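Remarks on the structure that follows.
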Amino acid sequence: MTVKDLINSDIFEAVNSGIHTETKIERVYCCDMLSLALARASEGCAWITVICNINTLAVAYRTKAACVIIAEGVAVDENFRKEAESHGITVFRTTLPVFEAALKLHNIVKEE
């Protein structure tokens, strides 16, 4: 599944479509500790977190995550969205808990 496929699927709400929508989602990664995510998130992962701030985008950019999914209904403000847009990062949001969002996406990614 590519990021573009995820955008078109309506599984999660697309907040911002980044510039790397053809990137294949290789795996799902869940973590709310930014320093740990920086060390362990892998290129091409769909990163699910509840942390919605500029540092999240910095980690996603640095690790080359395929996309970021903000879970648990956490609000995504306009500054966050604009910053994601300026760095070409695809961001989704969902009201699902982190585990449920990860399981849902994991099952889809592993089917392919």
*Filtering segment 61-81 down to residues that are touching a residue at least 40 places away in the same chain (Cβ under 8 Å) and either in a loop (DSSP other than H, G, I, E, B) or in contact with a His (Cβ under 8 Å, 6 or more places away or on another chain) (or both), which residue is surrounded by the most Cβ atoms within 10 Å (Cβ to Cβ)?*
Ala66
*Could you list, in sequence order, all residues of segment 75-112 that are within 14 Å of Ile54 (Cα to Cα) and not charged (D, E, K, R)?*
Ala75, Val76, Asn79, Phe80, Ala84, Ser86, His87, Gly88, Ile89, Thr90, Val91
*Whichever residue in segment 14-42 is farther than 15 Å from Cys52 by Cα and of a type in the set (Asp, Glu) and, among such residues, is surrounded by the most Cβ atoms within 10 Å (Cβ to Cβ)*: Glu26
_Residue list for segment 29-60, restricted to those being free of Cβ contacts under 8 Å to residues at least 12 places away in the same chain and part of a loop (DSSP other than H, G, I, E, B)_ = Met33
*Give the residues of segment 3-20 that are hydroxyl-bearing (Ser, Thr, Tyr) and over 12 Å from the mean Cα position of the chain (by Cα), sorted by residue number.*
Ser9
*Would you call Thr49 more than 18 Å from Val109 (Cβ to Cβ), surrounded by 16 or more Cβ atoms within 10 Å (Cβ to Cβ) and of a type in the set (Val, Ile, Thr)?*
no
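Values in this text are rule-based calculations from the coordinates and carry no lab data. Quantities reported herein were computed from a predicted structural model and do not represent experimental measurements. Quick reminder, even Gly has a Cβ in these numbers, built from the backbone with ideal geometry, and neighbours come from all protein chains shown.
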